[in-house]
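The values are calculated or read from the model by the stated rules, or taken from the named source; none is laboratory data. Here the structure is a predicted model, which means the values were calculated and not measured. Here the Cβ positions follow ideal geometry from the backbone for every residue, glycine too, while neighbour counts run over all protein chains shown.
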Amino acid sequence: MNDGNGSGTYNLSALKNRIFSEWLQTSKYQIIDGGNFEMYCSNQDGYEYCELWYRIEEKQ
């Protein structure tokens, strides 16, 4: 799997860490329980990718 920008493979664990340690810390959102998942796919050309889905809400 690659990052879609031509830079080669990526580290999914590092991406998750950045979501929780960087993006969430500076955004106006928080992740809420339930329905969070990862989806691994490939298209007709064999391009593989992963989507991370998190339920979010605005912080109180």
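Scanning the stretch 48-60 for residues that are surrounded by 10 or more Cβ atoms within 10 Å (Cβ to Cβ) and among the acidic types (D, E) returns E48, E57. Only a single criterion out of (1) surrounded by 12 or more Cβ atoms within 10 Å (Cβ to Cβ); (2) under 21 Å from N11 (Cβ atoms) is not satisfied by Q30, namely (2).
The residues of the stretch 1-32 that are assigned to a loop (DSSP other than H, G, I, E, B), of a type in the set (A, V, I, L, M, F, W, C) and modelled with pLDDT of 80 or more amount to a single one, I32. The single condition among (1) surrounded by fewer than 11 Cβ atoms within 10 Å (Cβ to Cβ); (2) part of a strand (DSSP E or B) that D45 does not satisfy is (2).
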